[in-house]
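Q: To start, I am sharing the structure in question, which I have written as structure tokens.
FYI, it's all coordinate maths here, none of it is from the lab. This one's a predicted model, so the numbers in the text were calculated from it and none came from an experiment. Here the Cβ is made from the backbone with ideal geometry for all residues, glycine too, and neighbour counts use every protein chain on show.
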Amino acid sequence: MTSRWKPLAVAFAAGCALLAGCSDSGPSVTYEVFGSGSADVTYYNGSKDVTERVTLPWRKDLHIDKDKFTVKVQATGDGGLTACAASVNDQRIVQSNPINPAFNTVLCAKEYPAS
């Protein structure tokens, strides 16, 4: 690479690192929360837990650049929450049983890969 392109490559890499889902290395993870209304959803993004206020149903696709991690999504809703699920590389690895929406909280968590 010529020296005139190095700053551009460095800028691209730095910008890419700031964007969620920029990297496509590591397992593909999909988190889902089912129901209606809104909920506070907390999920593991590969480096930390992130909480977002979302409208249901909700889905998040990302890549986690680790060999072993806990797939985790938890939601606390306003009364319309029904279930959650998590998949790795398009394979469902954990899902909650449907709940009575009055309970307001669901959790899906499992070690990946399974021990």
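Q: Between D40 and Q95, what is the label-to-label distance in nm when each label sits 7 Å out along the Cα-to-Cβ direction?
A: For D40 paired with Q95, the spin-label model returns 2.7 nm.
Q: For K72, go through the aspartates and glutamates and keep the ones whose alpha-carbon is under 15 Å away, minus same-chain ones fewer than eight residues off.
A: The reachable aspartates and glutamates, counting only those whose Cα sits under 15 Å from K72, are E32, D40, D49, E52, D61, E111.
Q: At 0.36 nm per residue, minus the direct Cα-Cα distance, what do T55 and T76 gain on full extension? Give it in nm, one decimal, please.
A: Extra length from T55 to T76 when fully extended: 6.4 nm.
Q: List the trypsin sites (Lys or Arg not before Pro) in the range 39-76 that DSSP assigns to loop (not H, G, I, E or B) and whose Cβ has at most 14 other Cβ atoms within 10 Å. Which are they?
A: Listed in order of number, the matching sites are K48, K66, K68.
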